[in-house]
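The values are calculated or read from the model by the stated rules, or taken from the named source; none is laboratory data. The structure presented is a predicted model; accordingly, all values stated were derived computationally and were not measured. Cβ atoms come from the backbone with ideal geometry, glycine included; neighbour counts cover every protein chain shown.
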Amino acid sequence: MQTPFAPDGGVDYDTLAGELEWMFAQGVSGTVTGMVSETLRLSENERRDLARVVCDGAAAADRAYKISGPLALMVAMEVSVEA
């Protein structure tokens, strides 16, 4: 899935939640955010918030989701613990 952005350049979390709800209602069994796309432009906080919203949407649809693939080892370890 692609990350929706608001006109101010920030992640549009409301649209993201709506897209997740729609996708799962269509029968999608899982989703993933890009590894080498717009997520590389996000701050660590934005990446965590993005993962949280996607995890919440997946959980609401009785699915699971979490990715921990930042380029920096310490950050990868932190988000893996969060998962």
The lone condition Asp62 fails out of (1) of a type in the set (D, E, K, R); (2) within 28 Å of Ala25 (Cα to Cα); (3) at pLDDT 80 or above is (3)
Exercise. Evaluate the following for Arg52: is it over 15 Å from Gln2 (Cα atoms), modelled with pLDDT of 70 or more and touching a Phe, Trp or Tyr at 6+ places or on another chain (Cβ under 8 Å)?
Key: no
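Is it the case that Ser29 is modelled with pLDDT under 75 and of a type in the set (Ser, Thr, Tyr)? Spell out how you get there, then give the answer.
Working: modelled with pLDDT under 75: no; of a type in the set (Ser, Thr, Tyr): yes.
Taking the combined requirement at face value, the residue does not satisfy it.
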Taking first residues from the stretch 12-27 that are over 17 Å from Arg47 (Cβ atoms) and second residues anywhere that are in a helix (DSSP H, G or I) and not hydroxyl-bearing (Ser, Thr, Tyr), the pairs with Cβ under 8 Å that are 6 or more apart or on different chains are Glu21/Gly57; Glu21/Ala60; Phe24/Gly57; Phe24/Ala58; Phe24/Ala60
How many residues of the stretch 1-49 are assigned to a loop (DSSP other than H, G, I, E, B) and β-branched (Val, Ile, Thr)? The answer is 6
